[in-house]
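Report on one structure; see the data block that follows.
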Amino acid sequence: MNADTRDLDQTTDEHSEPDGTDTYDVVVIGGGPVGENVAQYAIEGTDLTAVIVEQELVGGECSYYACMPSKALLRPLAVADASANLEGISTSQVEVEGLLARRDTWVSDYDDAGQVDWAEGAGIDVVRGRGRLVGEREVEVTGPSVRRLRARRAVVLATGSDPQVPGPLREIAPWGSRDVTGVREVPERLLIVGGGVVAVEAATWMAALGSRVTMLVRGDSLLSGFEPCAGRHVAEALEKAGVEVQLGASTVEATRTGTHEHPPLGRPHGGEITVVVEDSDGRREVRGDELLAATGRAPRLEGLGLDALGLSADDVTGGDLPGWLHVVGDASGEAPLTHWGKYRARELGARLRSEALAATTGEDAPVEAAPPEVPVPQVVFTDPQVASVGLTEQEAREKGRDVTVAEVPFGSAAGSALLRDDVVGTAKLVVDADSRTLLGATFVGPDAGEQLHAATIAIVGRVPVHVLRHAVPSYPAVSELWLRLLEELPREFRTAPPL
């Protein structure tokens, strides 16, 4: 059963009041992984109640249109590429229909019955429709009918984010991230505007599926928020795969020979596209059969009834909210990453649970305070992968930190060199020179994401690098890169800093 077939009346009467309003301890608007987590943590192990309001698929963007389908498409490509660079085995080939079928399996054929079953099993009700605030702790849900929900304790906005399409592209109905992860008909020529994570991952699988991909990147590098080596290695790999990467190319104008009124997911939205691009050589035209606008996202806050409470979108992203109203995940304006939103949701849910129990039962349920340093980790699933956590060298220096860096080739350890016969990449640590603790780490190479959690733990735990030297990596494993990196630091970093 999917989002189109469940309705607003699936919850039981146990929450209904005489005026027809359904009351819960916590009302969450948004049923993605962030909303699911905050509801789960807010009520687990108690008699507290929670409801999720979702107008589309329970499980959200990540489950059906972003993280899961993109990684389902990318992993087989990484295996095939590795096999082409390992002597002694036959090279794997990409089989388009099979790859798309794998994607469909991982998105449950866009059916959210399993996610709804999980929510109900966790004691969370699901209400279908569009939720908006209509008063203090009051939410109106519009769907097959109109329904009113009341929160005893809290309303949480977990509505995610929407893609931002620049003015020159809006009239041509370009593909967004949903279309490129849900691709059904592979365009012969695909233009991608943008050079961030969505752009480089999509370029990877679309080229493998047979598109001639041209990337139009306004900046002077790919993955501009990462260490420079990341964008450099990824650009080289994409070009090797047949992708044309045009840097310093600003999109000025775009036209199309007709658009479809209701284009189906993953199929071209119209006829041929002509883009006028401006670079250091002047203006020129670039043509394609479809265009992906991978130009960022913004919090989804329109239509939530904020004005009914005298609030603006800036109040939400700035945290200037009444005590009963909370925002978490992409909607908060923080890093638009599923794992970061889920972390914030777990923290918020636990706090709401603790406060509710203290108020209703007097039970002392303290919540462990977060450590001072909680960095945002991220993996870009290109080939090579890019894994980053904490501050880059530039960010650390801009914050006035005195830093020392260590940098080695990704293939400089026996274990990493064994991954394939053409290992390319870089590993880099950014260390605070005073405390000699890790500020940031970047790994670019085959399966680089598997090295990231150790760095995240080191930052959160404020582990000095002289202590990290006693975490012995196994030989010959990729983790031996850590030893190579630590040995690149000054010799005096091998002992505790002077008091």
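The values are calculated or read from the model by the stated rules, or taken from the named source; none is laboratory data. Note that the structure is predicted; figures quoted are calculated from it, not measured. As a convention, Cβ positions derive from the backbone with ideal geometry for all residues, glycine included, and neighbour counts pool all protein chains shown. Side chains included, ligands, DNA and RNA excluded: accessible areas come from the protein's heavy atoms. Shrake-Rupley method; radii C 1.70, N 1.55, O 1.52, S 1.80 Å.
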Item checked: Using a Förster distance of 30 Å, the FRET efficiency for A477-E236 (Cβ separation, nearest 0.05) -> 0.70
Margin query: Can you list residues from other chains, or at least 5 along the same chain, whose modelled amide H is less than 5 Å from the amide H of R189?
Written below: R212, D289, E290
Next item on the list: Could you tell me which of rounded, prolate or oblate describes region 450-492, using a ≥ b ≥ c as the square roots of the eigenvalues of the alpha-carbon gyration tensor, with rounded for a/c under 1.5 and, failing that, prolate when a/b is larger than b/c and oblate otherwise?
Entry: oblate
Checklist line | At R0 = 35 Å, FRET efficiency that the Cβ-Cβ distance of E97 and T274 yields, to 0.05 | finding: 0.65
Next item on the list: Just tell me which aspartates and glutamates come within less than 18 Å, Cα to Cα, of K240; anything on the same chain fewer than 8 places away is out.
Entry: D81, E201, D383, D421, D422
Checklist line | Label zone at E171, where the point sits 7 Å out along the Cα-to-Cβ direction: region 215-258 residues whose backbone N lies under 12 Å | finding: 253-258
Check: Which residues' amide hydrogens lie under 5 Å from the amide hydrogen of Q385, considering only partners 5 or more residues apart or on another chain, with H built in the peptide plane?
Finding: G445, D447, A448
Next item on the list: Calculate the dipole size of region 292-364 relative to its Cα centre from +1 charges on Lys and Arg beta carbons and -1 charges on Asp and Glu beta carbons; express the result in debye to the nearest 20.
Entry: 360
Notebook entry, point to check: Could you give the alpha-carbon Rg of region 173-292 over 2.2 N^0.38 Å, rounded to two decimals?
Noted result: 1.02
Check: Ignoring ligands, DNA and RNA, what percent of the 1.4 Å accessible area of region 141-270 is carbon and sulfur?
Finding: 49
Item checked: Length-normalised contact order for region 280-400 - Cα pairs under 8 Å, 6+ apart - percent -> 12
Check: Amide H to amide H, which residues 5 or more places from V327 or on other chains are under 5 Å from it, using H placed in the peptide plane?
Finding: L157
Checklist line | Size of charge dipole - region 14-146 - debye, nearest 20, with Cβ of Lys, Arg +1 and Asp, Glu -1, no other charges | finding: 640
Checklist line | Two-site label geometry, D109 and A308: point separation in nm, points 7 Å out along Cα→Cβ | finding: 3.8
Check: Between region 422-484 and region 60-104, what is the C-alpha centre distance in whole Å?
Finding: 27
Check: Using the Cα gyration tensor of the chain, with a ≥ b ≥ c the square roots of its eigenvalues, what is the shape: rounded (a/c below 1.5), prolate (a/b larger than b/c) or oblate (neither)?
Finding: oblate
Note to self: Please list, by residue number, every one of the trypsin sites (Lys or Arg not before Pro) in region 388-424 that is coil in DSSP and has at most 11 other beta-carbon atoms within 10 Å.
What the structure shows: K399
Notebook entry, point to check: If you take the charge dipole of the chain about its Cα centre, with +1 on Lys and Arg Cβ and -1 on Asp and Glu Cβ, which of T426, T23, A455 is farthest toward its positive end?
Noted result: T426
Note to self: Using the Karplus curve 6.51 cos²θ - 1.76 cosθ + 1.60 with θ = phi - 60°, what ³J(HN,Hα) values do you get for each residue of region 76-92, in whole Hz, with x for Gly and Pro?
What the structure shows: x, 5, 5, 5, 5, 5, 5, 5, 6, 10, 9, 5, x, 9, 6, 6, 6
Margin query: Which residues does the label zone of E261 cover in region 144-180, counting backbone N under 17 Å from a point 7 Å along Cα→Cβ?
Written below: 173
Checklist line | Accessible area of region 238-355 divided out per residue, in Å², using a probe of 1.4 angstrom | finding: 50
Next item on the list: Could you do me a favour and compute the accessible area per residue for region 83-132, 1.4 Å probe, result in Å²?
Entry: 55
Checklist line | From phi via Karplus (6.51, -1.76, 1.60), per-residue ³J(HN,Hα) for region 300-305 in Hz, x at Gly/Pro | finding: 8, 10, 6, x, 8, x
Item checked: lysines whose Cα lies under 19 Å from that of K428, excluding same-chain neighbours fewer than 8 positions away -> K399
Margin query: Apply the Karplus curve 6.51 cos²θ - 1.76 cosθ + 1.60, θ = phi - 60°, to the phi angles in region 348-361 and return the couplings in whole Hz, x for Gly and Pro.
Written below: 5, x, 5, 5, 4, 4, 4, 5, 5, 5, 4, 6, 9, 10
Notebook entry, point to check: If r is the Cβ-Cβ distance from R287 to H470 and R0 is 41 Å, what FRET efficiency results, to the nearest 0.05?
Noted result: 0.10
Notebook entry, point to check: Given +1 on the Cβ of Lys and Arg, -1 on the Cβ of Asp and Glu, and no further charges, what dipole in debye does the chain carry about its Cα centre, rounded to the nearest 20?
Noted result: 960
Check: So what's the back-of-envelope 222 nm ellipticity for the chain, counting only DSSP H runs of four-plus at -39500 (n - 2.57) apiece and dividing by all residues, rounded to 500?
Finding: -8500 deg cm²/dmol
Notebook entry, point to check: How much of the accessible area of region 291-345, probe 1.4 Å, is carbon plus sulfur, in whole percent?
Noted result: 46
Check: How about the chain: what cysteines have no other cysteine beta carbon under 4.7 Å from their own?
Finding: C229
